[in-house]
Amino acid sequence: MANMEELHMAASAYYSNASDELRQRAIEFFNSMDTNGDGGVSFNEFIQFFVQNGYNRVDPNFFRSLDRNGDGFSDFFEVLTFYYIFKTRGVSCGYCRIGLMALYFTCVACFDNAGGNTYDLCSTCYEARRHQQQHPPHHNYFLDSYVLLRARAGLPLFAGAPNVWCDYCGNQLMELYFTCVACFDNAGGNTYDLCSTCYGARRHQHHHPHHNYFLDSYVLLRAKAGLPLPAGAPNLQQALVQHAPSPNISQRALVSRSAANTPQQRRWTTFQALEGALSVGCMAAQLGCSIM
């Protein structure tokens, strides 16, 4: 799995740049998972959330990887990271099927004609040339996700790999980073990029105030392939809708009956509210995607 701390930082950065309404919705979603109200989501509460909403199996290693301090509970920002991963990390290796959380390789021909699908490989399978066993032989040109994103910005590929630095602190960007979408779409040889720390601290508001819409490099690459988000990821909304109240029931009726709602119904309601706040906010409206 990718460096979980990197994913924590990305999720926290998105949260820091969210509206007050969206932050409140996220808090409500966390509280709905924390069924006993002790301020943390236990493994049993985590399992309950999945099992009651349509998932038959939950990998305990995933919960442990979210738990940064190893106390057996997920705090608010760890649950936020869980939401971020499930909304954005829907790409799997086309050969071994492992989830691609970090750097991976993509067939450029398939990417340019995605039509809803790309052909992606983990580094291990690409190094072993396993695509030669199952992928069309005339599709042999692959780029890693870092390089491919820069190429699609129309930027030249330097010797070896493109060099990208945070435009605020000057650190070289070797892992996940955030890019101004407006600048990316009109790069002309330049993009405006920030490390997760600087984006989370909202430093672009003073340094780059005319453009406020950023996506992380992993999400931006999928969006540029014309793929909806989550692209093949487990769809939490769909799973929750399976157990949802009738859509004919008004929101007012839901509120008036809140005392009678089960924890499962409350999770559905708060998840719907979170999704709704995302969809009407400033998150990726022109790219057709919405994430925390």
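The values are calculated or read from the model by the stated rules, or taken from the named source; none is laboratory data. Since we're looking at a predicted model, the values are computed, not measured. Cβ: placed from backbone, ideal geometry, glycine included. Neighbour counts: every protein chain shown. Ligands, DNA and RNA are excluded from the accessible area calculation, which covers all protein heavy atoms including side chains. Shrake-Rupley method; radii C 1.70, N 1.55, O 1.52, S 1.80 Å.
Just a few scattered comments:
- Within segment 5-29, the set of residues being modelled with pLDDT of 90 or more and open to solvent by less than 20 Å² (accessible area, probe 1.4 Å) comprises L7, H8, A10, A11, A13, Y14.
- Residue ID - nearest to R202 (Cα to Cα), chosen from residues in segment 38-51 that are open to solvent by less than 60 Å² (accessible area, probe 1.4 Å) and out of contact with any Phe, Trp or Tyr (no Cβ under 7 Å at 6 or more places or on another chain): G39
- Qualifying residue in segment 120-139 (condition: among the small types (G, A, S) and at pLDDT below 85): no
- Residue match in segment 33-43 (condition: modelled with pLDDT of 85 or more, under 22 Å from Y177 (Cα atoms) and touching a helix residue (DSSP H, G or I) at 6+ places or on another chain (Cβ under 6 Å)): no
- A search for C-beta distances below 7 Å between a residue of segment 17-45 that is of a type in the set (D, E) and any residue that is open to solvent by 60 Å² or more (accessible area, probe 1.4 Å), counting only pairs 6+ apart in sequence or on different chains, returns E45/T35.
- Restricted to segment 79-154, the set of helices (runs of 4 or more DSSP H) holding at least 1 residues that are under 21 Å from D185 (Cα atoms) comprises 108-112, 145-152.
- Members of segment 169-214 that are surrounded by fewer than 19 Cβ atoms within 10 Å (Cβ to Cβ) and touching a His at 6+ places or on another chain (Cβ under 6 Å): A182
- On inspection, F49 passes the criterion of being modelled with pLDDT under 90 and either of a type outside the set (S, T, N, Q) or under 18 Å from the mean Cα position of the chain (by Cα) (or both).
- Any hit, segment 61-82, residues being in contact (Cβ under 8 Å) with a residue 24 or more places away in the chain, open to solvent by less than 20 Å² (accessible area, probe 1.4 Å) and polar (S, T, N, Q): yes
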